[in-house]
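**Student:** This is the structure I want to talk about, given as C-alpha cells.
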Amino acid sequence: MSSRTRKRATAAVTALAALLALAACSSKANDDDGDKKGAGGVKTGDGISGKTINLGVLTDMTGVYATLGKSVTQAQQLYVKQTNADGGICGYKLKLTIRDHGYDPQKAVAAYTELEPDVLGFAQFIGSPFVAAVKQRVDGNKGLVLPQAWSANLLGSPYVRVVGSTYDLETINAIDFLMKEKGLKKGDKLGHVYFEGDYGENALKGSQQMAKESGLTVVEQKIKPTDNDMTAQVSALKKAGVKGIVISAGPRQAASLVGVAAAGKFDVPIIGNNSAFSPQLLGTQAGPALEKNYYVASPTLPIGADTAAAKKLVADYKAAYPKDALDNGVTAGWTAASVFGEALKKACDSKDLTREGVDKALLTIDAYDTGFGVTQNFTDPKSPSSKESVILRPDKSATGGMKVVREPGASEVAKGYTPGA
C-alpha cells in the first residue's frame, strides 16, 4: 500500500469513528429528549416501562463466589417481593433482571452490555475487576451501580458507589484488631495472601499503609482465584516467621490457609476481608480451625446481629428460602437493595426517576441506617459510604455462622487515611 493510500485509509477510519461517536451522542441526546412523564408528573427514562422499574443483577452463581452470589441475589429478590407487596415505589413495581457471570470477566462485561440499555441501574455487580472494566462506560451511561465489591479503585464516580468501607480501609481495621487484641506488635512480620487484581491488590495497600504507620513488615503471597491449595503459601509464611496473616481471597482459599496452618502447628491469628468466608466452611474439615484462629472484617454487623432489622430479615429469609443457609451475603444484598430503594424514593419525591435523577437523589443521603450497625453516607463519590468495620469470628452455634468480637468502628489510621491513596 502506498503512503498516499495509507493516509486515505487512515482518514476514512478516523471519519467513520467520528461519525459513530456523533451518532452515539445523537442517540443519547434523543434518548434524553425522550424522557417522559409518569404518574403524578414524575419524569422517567431508561429502565422504566409501563408501571415497572427494571434493575439489573450481575452475579456469580457458579464461580468462586457462588455461595455469596446466591445469598445476595435471594436477599434482593426478597426485598423486591416485599416492596412490591407494599405497593412498590412511586407507584411502580420493581423487577430484577439477573445474569450469572460465573466470575468470568468476558461474561461479566457481556452481561453488562446486554442489560445496560434496559435497566435503570444495577443493584448488584459482583467482582471489583469486572466493575472496574466497565466503569468508564457506567460514567457515560449514568445508570447507578451498587457493586458487591469494595475496591477503592471504584471510587470517584457518582454512578458507581461503594456501600461500606473499601478493602484497603477494611484491611487497616483488621490489622488494628490483630495489634490491639491478638499480640501483633511493632517490628513483627505480617503475612498477606491476596488475589491478583483489583480486590487483593487494593487490600494489600491497606496492609502496606498499616505497616508504614505501625512498624510492621509485610510478607506478600499473591495467588490466583483458581489457586485452592494454600500449602505453599503457608510454608513460605511460616519460614518467614510471620506473626499474623491477612487473607484477601475467597472462602475456599481461606479454608485451605487456616486448615493447612493448623495441621502444620502454625499457630498465628488469621483475618480475612469480608468476602473471605462462608458459614458452609464450618461443616468441612477446616471448621474447628476456623472457629479457633480465624477472624473476618465486615462492613456491617452480621446477619445474626441482635438488632430488630436483623431479626426480621432472618425470619423473612428463612420463610422465603427454608432450605438455604444464612450468611453475610444476605446482609450485603439486602443493604444494597435498601440503599437503591431509598434513592428511588428520594428521586420520586423530586419527581425525577431518570438515571440522573436517581444519581442525584443518592447524593443527598448522608445518614442511612439499614439496621446493621453502620450509618452510610453517600454525599461524596470520592469516599466510600463508611470507614468502619466490624470484626467477626466464625461460630457454628451463631445464626449465620458468625459472632461479633469487636463492634463497628474505624481505627485511628483508617480515620486519617484516604482510600486508594
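The values are calculated or read from the model by the stated rules, or taken from the named source; none is laboratory data. Every value quoted in this text rests on a predicted model; they were computed, and no experiment measured them. Note that we place each Cβ from the backbone using ideal geometry, even for glycine, and neighbour counts take in every protein chain shown.
**Student:** Being part of a helix (DSSP H, G or I), among the basic types (Lys, Arg) and either out of contact with any Ser or Thr (no Cβ under 6 Å at 6 or more places or on another chain) or closer than 20 Å to ALA286 by Cα (or both) is true for just one of LYS185, LYS180, LYS222. Which residue is that?
**Tutor:** It is LYS180.
**Student:** Among the residues of region 264-275, are any outside any helix (DSSP H, G or I), more than 30 Å from GLN77 (Cβ to Cβ), at pLDDT below 95 and polar (S, T, N, Q)?
**Tutor:** No.
**Student:** Follow-up. When only residues in region 170-199 that are modelled with pLDDT under 95 and surrounded by 21 or more Cβ atoms within 10 Å (Cβ to Cβ) count, which is nearest to the chain's Cα centre (by Cα)?
**Tutor:** Restricting to residues being modelled with pLDDT under 95 and surrounded by 21 or more Cβ atoms within 10 Å (Cβ to Cβ), the top hit is TYR199.
**Student:** Might you let me know whether region 307-323 holds any residue that is in the same structural domain as GLY156 (by TED's automatic domain parsing), basic (Lys, Arg) and either in contact with a helix residue (DSSP H, G or I) (Cβ under 8 Å, 6 or more places away or on another chain) or not in a helix (DSSP H, G or I) (or both)?
**Tutor:** yes
**Student:** Can you find a residue that is part of a helix (DSSP H, G or I) and either at pLDDT 95 or above or touching an Asp or Glu at 6+ places or on another chain (Cβ under 9 Å) (or both) anywhere in region 362-373?
**Tutor:** Yes, region 362-373 contains at least one residue that is part of a helix (DSSP H, G or I) and either at pLDDT 95 or above or touching an Asp or Glu at 6+ places or on another chain (Cβ under 9 Å) (or both).
**Student:** Okay, next question. Considering only residues that are buried (at least 18 other Cβ atoms within 10 Å of the Cβ) and either more than 25 Å from PRO129 (Cα to Cα) or free of Cβ contacts under 8 Å to residues at least 12 places away in the same chain (or both), which ones fall in region 67-82?
**Tutor:** Those that are buried (at least 18 other Cβ atoms within 10 Å of the Cβ) and either more than 25 Å from PRO129 (Cα to Cα) or free of Cβ contacts under 8 Å to residues at least 12 places away in the same chain (or both): LEU78, TYR79, VAL80.
**Student:** Okay, next question. Between a residue in region 93-115 that is in the same structural domain as GLY50 (by TED's automatic domain parsing) and polar (S, T, N, Q) and any residue that is surrounded by 17 or more Cβ atoms within 10 Å (Cβ to Cβ) and not in a strand (DSSP E or B), which pairs come within a Cβ distance under 7 Å, given they are 6 or more apart or on different chains?
**Tutor:** Qualifying pairs under 7 Å: THR97/LEU115; THR97/VAL119.
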